[in-house]
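Below: one structure, written as structure tokens.
The values are calculated or read from the model by the stated rules, or taken from the named source; none is laboratory data. Computed from a prediction, not measured in an experiment: that's the story for all the values here. Ideal geometry is used to build each Cβ from the backbone, glycine not excepted, and the neighbour counts take in all protein chains shown. Protein only, heavy atoms only, side chains kept; ligands, DNA and RNA dropped before computing areas. Shrake-Rupley method; radii C 1.70, N 1.55, O 1.52, S 1.80 Å.
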Amino acid sequence: MKRVAVTADPHIDALDGVRAIAAFAVLTFHVAIESGAALGDDFFTGLLARGDVAVPIFFTLSGLLLYRPWATAALTGAPAPDVRAYLVRRALRILPAYWLVVAVAITWWSRDRAGDPGTWLVLLTLTQTYHPDPWWVGLGPKGLAQMWSLCVEMAFYLLLPLLAAGLAAFARRAGDDVGRRARRLLLGLAALALASPVTVVLSHHPAYLPHLNSWLPRSMAYFACGMALAVVLAWAAADPSPGNPARRLRRSVAAAPGTAWLVAALAYAIAITPVTGPRFTGVEGVWPGLFETLLYGTVAVCLVAPAAMLPRPGALVGRILGNRVMRWLGRISYGVFLWQFVTLYGWYEFTGQPSFTGNFPGNLAAVAAITIVLAAVTHRLVEEPARRLGRRVTARLRHRERPAVPSGGPVPAAPRYVKSEHVNRSSSGALS
């Protein structure tokens, strides 16, 4: 089967807005805990206490944005992304800014460990969640507890090329038809999502193993949901026939984003009840863990899907989530995620406030403002130079491996199931 290159999709601005909302939801959640506002048992407290739902939103975004070019390749026969270039971009996108925050946090609060090479090794390689006997209490050293989710992201980044290759091989067994290939990809992703409920069960039987909750399999359902959205988008682009169910789904979601948001709100309202287990104390149990996975996944999908399936950039959802301010906040959201605990603990030390003593609104405003400044500076001085370096390195890789094409030679034809007007449609939209 001949293959045709498919160019990248235009950047989806509305997803920057979703990313910004998720980043500040996590920040609000952490300030609410530190101030004590999330430690009560009333309804408002419950709204704050389940702010960790933003983490599945991040995972769903990663699954959607990073898998989309592989989904397009699996459906159309286009070349799959270059794995080396992908890994270089991911490393330079994530690690430099993260290393900076690690250095600040360790120097500030864990200076006695600064001379320990093992500490630096596990932290700089994002393997701290696999440490069999950590010296810190909780999810990480002071100022770095939120990085457990970045460890999960890194594991997904490394595993994604293998997952994509396996899914593509499974899809190709359906022949050349886009629809049959897409259904196979969705079936494979449904099987992949089962890793999460299986891990919930394994983490409680025969004994409780809390460290499994911070490993990739526990969150795989959220990534799989995002990857399924990527398949839907790629399917809708590759097969323009009126009966394409992916195109019908995309039109339906785009026509009624409020319905999806309402479902997300209802799922969140259920998640703040005891059905998902105790908020901060005790063991959640198997059934609460399963309900949490289902409800958090529903919230994530119903928030991400309307933004991802916009019919056009000027749609209402696009204007709300993709305006200039939301795009900017989305661009610096990685720094917001990285700096929030350093800022939070630094602010409490500077003001002399003990933990759990209230003033949630004032502390939130101050911590958010300082975090935004640090995130903006880091984005300008660290993230952007690293991304430019990544583009240069990957351009060299592409140049070295570009096959010679005879002058005036024929252009490869698209597969018979891809119409010519869809050959140059974007397929990625991934976080660059």
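How do the pairs read when you match residues in segment 64-75 that are in a helix (DSSP H, G or I) with residues anywhere that are among the polar types (S, T, N, Q), using Cβ under 6 Å and keeping only pairs 6 or more apart or on different chains? What qualifies is R68/S427; R68/S428; P69/S427; P69/S428; T72/S427.
Screening segment 88-110 for residues that are without any contact (Cβ under 8 Å) to a residue 40 or more places away in the chain and open to solvent by 50 Å² or more (accessible area, probe 1.4 Å) and picking the one that is farthest from R380 (Cα to Cα) gives T107.
The rows are residues; the columns are (1) assigned to a loop (DSSP other than H, G, I, E, B); (2) within 19 Å of F58 (Cα to Cα); (3) polar (S, T, N, Q).
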| residue | (1), (2), (3) |
| --- | --- |
| R279 | yes, no, no |
| L295 | no, yes, no |
| V299 | no, yes, no |
| P306 | no, yes, no |
| R319 | no, no, no |
| L329 | no, yes, no |
| F337 | no, yes, no |
| L344 | no, no, no |
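As a summary of the residue check, L381 satisfies the conditions (1) more than 11 Å from L27 (Cβ to Cβ); (2) open to solvent by less than 60 Å² (accessible area, probe 1.4 Å); (3) among the hydrophobic types (A, V, I, L, M, F, W, C) except for the one numbered (2). Of all residues in segment 238-249, those that are modelled with pLDDT under 90 and either within 17 Å of V304 (Cα to Cα) or polar (S, T, N, Q) (or both) total 1.
Note on segment 384-399: residues that are open to solvent by less than 30 Å² (accessible area, probe 1.4 Å) and modelled with pLDDT of 90 or more amount to 1. Residues of segment 109-123 that are among the acidic types (D, E) and in a helix (DSSP H, G or I): D112 alone. For segment 275-285, residues that are without any contact (Cβ under 8 Å) to a residue 12 or more places away in the chain and exposed (fewer than 13 other Cβ atoms within 10 Å of the Cβ) total 3. Among the residues of segment 290-349, those identified as buried (at least 20 other Cβ atoms within 10 Å of the Cβ), within 16 Å of L15 (Cβ to Cβ) and aromatic (F, W, Y) are Y334, F337.
Taking V53 as the residue in question, decide whether it is touching a residue at least 24 places away in the same chain (Cβ under 8 Å), farther than 28 Å from V299 by Cα and of a type outside the set (D, E). So V53 does not fit the description; no.
Residues in segment 64-86 that are more than 22 Å from G390 (Cα to Cα) and among the hydrophobic types (A, V, I, L, M, F, W, C): A71, A73, A74, L75, A78. Checked against the criterion of being touching a His at 6+ places or on another chain (Cβ under 7 Å) and surrounded by 23 or more Cβ atoms within 10 Å (Cβ to Cβ), segment 229-244 contains one or more residues that satisfy it.
Please indicate, with yes or no, whether at least one residue in segment 111-122 is open to solvent by less than 40 Å² (accessible area, probe 1.4 Å), under 23 Å from the mean Cα position of the chain (by Cα) and within 30 Å of A230 (Cβ to Cβ). No, the conditions are met nowhere in segment 111-122.
Just to be sure, is A85 free of Cβ contacts under 8 Å to residues at least 40 places away in the same chain and of a type in the set (A, V, I, L, M, F, W, C)? Spelling it out, it is not the case that A85 is free of Cβ contacts under 8 Å to residues at least 40 places away in the same chain and of a type in the set (A, V, I, L, M, F, W, C). Tell me, yes or no, whether segment 333-354 has at least one residue that is over 28 Å from T45 (Cβ atoms) and at pLDDT 95 or above. Looking through segment 333-354, at least one residue is over 28 Å from T45 (Cβ atoms) and at pLDDT 95 or above. For segment 124-142, a tally of residues being among the polar types (S, T, N, Q), without any contact (Cβ under 8 Å) to a residue 60 or more places away in the chain and not in a loop (DSSP other than H, G, I, E, B) returns 1.
For segment 25-44, residues that are open to solvent by 10 Å² or more (accessible area, probe 1.4 Å) and hydroxyl-bearing (S, T, Y) total 1. Filtering segment 291-307 to residues that are hydroxyl-bearing (S, T, Y) and farther than 13 Å from R50 by Cα leaves only T298. Scoring G77 on the criteria (1) at pLDDT below 95; (2) open to solvent by 10 Å² or more (accessible area, probe 1.4 Å) leaves a single failure, condition (2). Reported count of residues in segment 195-209, each being in contact (Cβ under 8 Å) with a residue 60 or more places away in the chain and open to solvent by 40 Å² or more (accessible area, probe 1.4 Å), is 4.
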